[in-house]
1. Over region 91-149, what portion of Cα pair distances is larger than 14 Å, expressed as a whole percent?
2. Using each residue's phi in region 139-150, evaluate 6.51 cos²θ - 1.76 cosθ + 1.60 at θ = phi - 60° and report the 3J(HN,Hα) Karplus result to the nearest Hz, with x for Gly and Pro.
3. When the dipole is taken about the Cα centre of region 19-200, and only Lys, Arg (+1) and Asp, Glu (-1) are charged at their Cβ, what size is it in debye, to the nearest 20?
4. Could you tell me how many cubic angstrom of Cα convex hull volume region 19-200 has per residue?
5. Order by neighbour count: TYR22, TYR170, TYR180, fewest other Cβ atoms within 10 Å first, most last.
Amino acid sequence: MAGAVAAVTEHAPAAPGALAAYADLVAGCTRCPLHATRTQVVFGSGSPNADLMFVGEAPGFHEDKQGVPFVGAAGQLLGKLLAGIGLSRDDVFVANVLKCRPPGNRDPQPDEIEACESHLFRQIELIEPRVIATLGNFATKLLSGKPLGITRVHGQEQEVTLGGSRVTLYPLFHPAAALYTPRMLDVLEADFRRLPELLAREPVAPAPRPPLYAAPDPAAAPAEPEPVQLGLF
Ligand code: URA
């Protein structure tokens, strides 16, 4: 690990070994039909204590064979972008919305996302990252809970609660898309360069809950007189 963000890339583990134990459980998942065509579950890889997590779409051909996310051309680009901010794959955690490869690399289907999403939410709960960078539309829409596409929201961080913790959600273009569109690559690089700043921010405290009942303060200014309802006269 090198560079200015080194000091904030890891925190104390929530429960040592809990993520690995969960990976063992998910390895046998049969919640959706993709289990029948996968070579193996691609759970995710990297530091279980990462402050920065990336969430992509789904494993492709090489990921399915190797059991590791982002090992193809898009993964090479992700590694280069990380190196540009002084980080390596070992400093972060990389996962996908779907843990199993859709045949022919087709888009994830709504029923597959629904069946798989609790695996991702449990990963977030166990890792407790401070920043989650969503790569592309599927991860962005799932974790923001909004239908806005990546072209509209890339580079715009928002504070959300995920896995029971406050997290900075940071949508980015998917590296696979940027590989073939030079202008998109420029934008992805520029958005990526803001990650150290987001990681260095103070963790956001949860918003205080308003009291269920607040007694009226007698010292407060007297209430406005009731407006006369002219229509009554
Ligand atoms: N490889 C992955 O693991 N996920 C993607 O979204 C793309 C390539």
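1. Pairs farther apart than 14 Å: 57 percent.
2. The phi angles translate into 5, 5, 5, 5, 7, 7, x, 10, x, 5, x, 5 Hz.
3. Computed charge dipole of region 19-200: roughly 260 debye.
4. 104
5. TYR180, TYR22, TYR170
Taken together, the values in this text are just the output of simple stated rules run on the coordinates, not laboratory data. In this text the structure is predicted, and so the values were computed from the model without any measurement. In this analysis, Cβ positions are derived from the backbone assuming ideal geometry, glycine residues included, and neighbour counts consider all displayed protein chains.
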